[in-house]
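Colleague: One structure is given below, represented as structure tokens, and several questions about it will come after.
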Amino acid sequence: MQKLAEVCVARPVFAVMLIMALVVVGAVSYTKLGVDRFPDVDLPIVSVRTILPGASPEEMESAVTRFVEDSVATVEGIDNIRSTSTESLSVVTVTFNLNRNIDVAAQDVRDAVASIIAQLPRDAKPPLIKKLDSDASPIMTLVLHGDKTPRELYEIGERGVKDSIESVGGVGQVQLLGGQKRAVNIWVDADRLSAYRIPILRVRDAIVRQNSDIPGGRVDAGSRELVLRTLGRFPDPKDFNELVVATINNTPVRVRDIGFAEDGHKEQRTSARYDGRPAVALEVRRQSGANTIEVVTGVKARLARVRELLPDGVNLDIVQDQSLYIQAAFHEVQLHLILGSILASLVVLLFMKDWRSTLIGAVAIPASIIATFGVMRAMNFTLNNITMLALVLMVGVVIDDAIVVLENIFRFVEEKQMEPREAAILATKDIGLAVMATTFSLIVVFLPVSFMSSISGRFLYSFGVTATVAILVSLVVSFSLTPMMCSRLLRKGDTTHAGGREGLYDRIEGLYMRMLGWSMRHRILIAGLGIVTMASAFPLFRMVRQEYLPTNVDESEFEMSVNAPEGTSLQSMEAVLDRVYQELRDMPGVRHVVCLVGTGYLQAVNSSRIYVRIEDVENRVFSLSRLWTKTLEGKPMEAFQGVYSQRDVMAAVRAKMKQFKDLRG
């Protein structure tokens with residue numbers, strides 16, 4: 001590194017071009033970096049979902065789950081296997097060791113399950129095998145509501161909204177929740193069926209066989225080739241009444257003889273309610289690796305055209321938008337990054353008292369931060385809370401090396417009366433090993449974070465790499481650009497630097513020497529204080545609250561999970577949610593409530609998610625006429641007059657929910 005400083009002092013253009021090359025690559029990479037909330041992390045979990053319509057939980061356990069568990073148990077690198085069997089559904093969750101490649105593990109699970117498909121019941125759907133994707137959570141939730149029936153809302157949502165949104169670049173899936181999907185229902189009278197001695201399966205087989213389009217082959221007509229097919233589907237639901245189910249004594253038995261056909265809807269297993277009224281919810285999920293902000297921006301642009309085509313009385317509202325918080329957090333971190341750089345430079349100016357010295361030191365901050373974007377792009381990192389946190393922390397670190405080199409060069413110029421060019425070379429050589437030792441000591445702190453053997457380590461991988469790259473770039477800057485600029489900008493005989501050695505530095509040095517002398521005379525006391533300080537870390541660590549993610553973030557929205565007892569029907573669950581909504585709607589600050597049924601892990605009708613939207617922070621002020629009369633965590637609501645937080649509302653909701661004894665979260 002000392003040789004690099006000598007070359008850069010002698011060849012200033014080389015020094016400038018060296019750092020500018022890193023900065024240009026970083027600047028170009030910055031424009032191509034994705035923006036997200038958290039890093040893209042592949043969790044070592046694979047799930048196997050198998051559906052057997054109409055099967056009881058016991059049958060799912062014995063006929064499906066047991067075979068799937070036995071097959072996947074032979075896969076290498078499994079940490080644990082968990083399974084859940086409910087009505088018509090079997091879910092087997094396989095957790096692998098962190099050192100196992102999850103893509104290879106998922107393929108091994110597919111191969112293992114493929115070997116037992118023949119042993120599953122004939123009516124079982126093919127098992128769905130997928131990794132637990134951190135990108136699978138919805139980035140946007142829309143609600144379609146208005147003066148229409150649930151069936152009409154579903155048709156509008158599926159044909160008019162869903163199809164349009166799915167064509168937007170980056171959108172992976174749009175899932176419809178609630179509403180009623182159209183279907184032709186055949187209602188059979190059991191007494192008539194018994195009188196004709198016709199089994200119900202025969203009715204089903206007759207409908208499937210006769211209501212279908214069958215390929216008829218090809219016909220060669222000279223120079224042309226025609227494709228034949230038999231059109232067997234009924235265009236009108238009423239035509240199903242004439243369908244022949246069986247022939248008894250040479251007399252055809254039709255559907256109208258044993259029942260009737262109805263243009264109705266499928267059995268409803270999901271429900272969506274918006275502010276207490278039936279609605280259809282659309283959850284938008286992005287493709288893996290897609291930029292959340294770009295996808296949401298594209299969806300919003302498409303919604304402008306979709307709304308123009310909606311019927312009168314039908315509205316399409318955005319109730320949840322992840323891009324808002326990503327943009328807010330990103331802009332906030334950007335602001336702190338810029339302010340931190342300015343404040344760090346002002347601190348240097350305060351001590352250096354020289355604009356040239358401040359400029360030399362301050363250049364290291366943008367050069368190191370911007371150059372880091374190039375490595376982030378090469379490693380497919382995104383601008384998220386973790387990587388931006390690393391950059392913000394490095395603002396005060398990347399300038400250290402430049403300041404140390406700058407101070408030593410200035411000392412050579414001031415005390416030894418050297419020419420700046422000669423001082424830049426000798427002073428950098430004099431302190432080079434110390435600067436490198438300091439830099440590498442920081443690297444051995446941040447880089448091992450990237451190799452933590454836990455889920456947290458997966459999230460912090462980008463943090464450690466980003467911080468390490470920024471520190472390394474700052475080391476290159478301090479041994480190239482800093483000495484070159486010192487040799488060109490510093491002036492021999494300039495004593496404005498902190499008032500000279502007899503100014504501020506002299507007083508600081510005198511105070512430090514007195515403290516050092518006292519410490520050396522009381523070695524045992526100082527050593528004891530050091531041991532006590534280190535030992536105090538253990539009890540203090542236990543006193544600190546431990547959370548995987550911060551919970552004090554105020555996003556003006558939150559979700560709650562409501563589960564009713566097993567066996568609760570969809571209609572009963574909707575009635576329960578209506579009661580919950582009545583309790584929530586009158587609470588101060590609550591703007592919208594969206595209740596979704598049948599969307600949980602097992603998609604059971606007794607499980608629901610409730611999304612609550614509250615007033616934005618700037619509008620959150622209690623009105624004296626709307627104060628709660630109940631207590632909140634032992635405190636009267638009068639104690640929360642003025643601006644209240646999201647956590648206050650959540651605590652109040654928990655207190656309200658205690659009256660529902662049969663519900664659990």
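Colleague: Would you check if there is a residue in the range 159-166 being surrounded by 18 or more Cβ atoms within 10 Å (Cβ to Cβ) and basic (Lys, Arg)?
Modeller: yes
Colleague: Looking at the range 565-582, which of its residues are under 31 Å from the mean Cα position of the chain (by Cα) and surrounded by 15 or more Cβ atoms within 10 Å (Cβ to Cβ)?
Modeller: Leu570, Met573, Glu574, Val576, Leu577, Val580, Tyr581 - these are the residues of the range 565-582 that are under 31 Å from the mean Cα position of the chain (by Cα) and surrounded by 15 or more Cβ atoms within 10 Å (Cβ to Cβ).
Colleague: Mind listing whichever residues of the range 545-564 are exposed (fewer than 13 other Cβ atoms within 10 Å of the Cβ) and at pLDDT below 85?
Modeller: Arg545, Gln546, Glu547, Tyr548, Leu549, Pro550, Thr551, Asn552, Val553, listed by residue number.
Colleague: Looking at the range 296-331, which of its residues are open to solvent by 80 Å² or more (accessible area, probe 1.4 Å), more than 17 Å from Thr141 (Cβ to Cβ) and over 18 Å from the mean Cα position of the chain (by Cα)?
Modeller: Hits for the range 296-331 are Arg305, Glu308, Leu309, Asp312.
Colleague: The conditions are (1) at pLDDT below 85; (2) under 30 Å from Asp79 (Cβ atoms), and Arg507 fails exactly one of them. Which is it?
Modeller: The single condition Arg507 does not satisfy is (2).
Colleague: Considering each of Leu339, Leu303 in turn, give the residue that is without any contact (Cβ under 8 Å) to a residue 12 or more places away in the chain and either closer than 26 Å to Arg585 by Cα or not in a strand (DSSP E or B) (or both).
Modeller: Sole residue among the options that is without any contact (Cβ under 8 Å) to a residue 12 or more places away in the chain and either closer than 26 Å to Arg585 by Cα or not in a strand (DSSP E or B) (or both): Leu339.
Colleague: So is Ile139 in contact with a strand residue (DSSP E or B) (Cβ under 8 Å, 6 or more places away or on another chain), surrounded by 15 or more Cβ atoms within 10 Å (Cβ to Cβ) and under 30 Å from Arg302 (Cβ atoms) or not?
Modeller: Taking the combined requirement at face value, the residue satisfies it.
Residues are listed down the side, and each one gets a yes or a no for (1) farther than 25 Å from Ile258 by Cα; (2) open to solvent by less than 50 Å² (accessible area, probe 1.4 Å):
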residue	(1), (2)
His145	yes, yes
Glu152	yes, no
Asp191	no, no
Ala195	no, no
Asp205	no, no
Pro215	yes, no
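Colleague: Right, here's the next one. Of all residues in the range 273-295, which are of a type in the set (A, V, I, L, M) and either part of a strand (DSSP E or B) or open to solvent by 60 Å² or more (accessible area, probe 1.4 Å) (or both)?
Modeller: Matches in the range 273-295: Val280, Ala281, Leu282, Val284.
Colleague: Determine, yes or no, whether Val255 is open to solvent by 80 Å² or more (accessible area, probe 1.4 Å) and under 29 Å from Asp123 (Cβ atoms).
Modeller: Taking the combined requirement at face value, the residue does not satisfy it.
Colleague: Specify the residue that is least open to solvent (accessible area, probe 1.4 Å); the eligible residues are those in the range 605-636 that are among the small types (Gly, Ala, Ser) and at pLDDT below 80.
Modeller: Ser623
Colleague: Just to be sure, is Ile156 crowded, with 17+ Cβ neighbours inside 10 Å and farther than 30 Å from Asp40 by Cβ?
Modeller: Yes; evaluated as a whole, the condition is true for this residue.
Colleague: Which one is nearest to the chain's Cα centre (by Cα), of the residues in the range 203-244 that are among the β-branched types (Val, Ile, Thr) and closer than 21 Å to Val188 by Cβ?
Modeller: This residue is Val208.
Colleague: Now for a separate question. For the range 8-22, give me each residue that is surrounded by 16 or more Cβ atoms within 10 Å (Cβ to Cβ) and among the aliphatic types (A, V, I, L, M).
Modeller: Within the range 8-22, Val9, Ala15, Leu18, Ile19, Leu22 meet the criteria.
Colleague: Got a number for residues in the range 274-287 being of a type outside the set (A, V, I, L, M, F, W, C) and touching a Ser or Thr at 6+ places or on another chain (Cβ under 9 Å)?
Modeller: Total meeting the criteria: 4.
Colleague: Follow-up. Which of (1) over 30 Å from the mean Cα position of the chain (by Cα); (2) modelled with pLDDT of 90 or more is the odd one out, the single condition Leu144 does not satisfy?
Modeller: Status for Leu144: all satisfied but (1).
Colleague: State all residues of the range 49-65 that are part of a loop (DSSP other than H, G, I, E, B), surrounded by fewer than 19 Cβ atoms within 10 Å (Cβ to Cβ) and not polar (S, T, N, Q); if no residue qualifies, say none.
Modeller: Listed by number, the residues that qualify are Pro53, Gly54.
Colleague: Arg488 fails exactly one of the following numbered conditions: (1) farther than 25 Å from Leu18 by Cα; (2) of a type outside the set (A, V, I, L, M, F, W, C); (3) touching a Pro at 6+ places or on another chain (Cβ under 9 Å); (4) surrounded by fewer than 16 Cβ atoms within 10 Å (Cβ to Cβ). What is the number of that condition?
Modeller: (1)
Colleague: Follow-up. Output the number of residues of the range 533-584 satisfying the condition of being outside any loop (DSSP other than H, G, I, E, B) and charged (D, E, K, R).
Modeller: Adding up the residues that qualify gives 7.
Colleague: Looking only at residues that are more than 23 Å from Gln603 (Cβ to Cβ) and among the small types (Gly, Ala, Ser) in the range 228-275, which one is modelled with the lowest pLDDT?
Modeller: Filtering first and then ranking leaves Gly232.
The values are calculated or read from the model by the stated rules, or taken from the named source; none is laboratory data. The structure presented is a predicted model; accordingly, all values stated were derived computationally and were not measured. Backbone-built Cβ (ideal geometry, glycine too); neighbour counts: all protein chains shown. Just the protein is used for accessible areas: all its heavy atoms, side chains included, with ligands, DNA and RNA removed. Shrake-Rupley method; radii C 1.70, N 1.55, O 1.52, S 1.80 Å.
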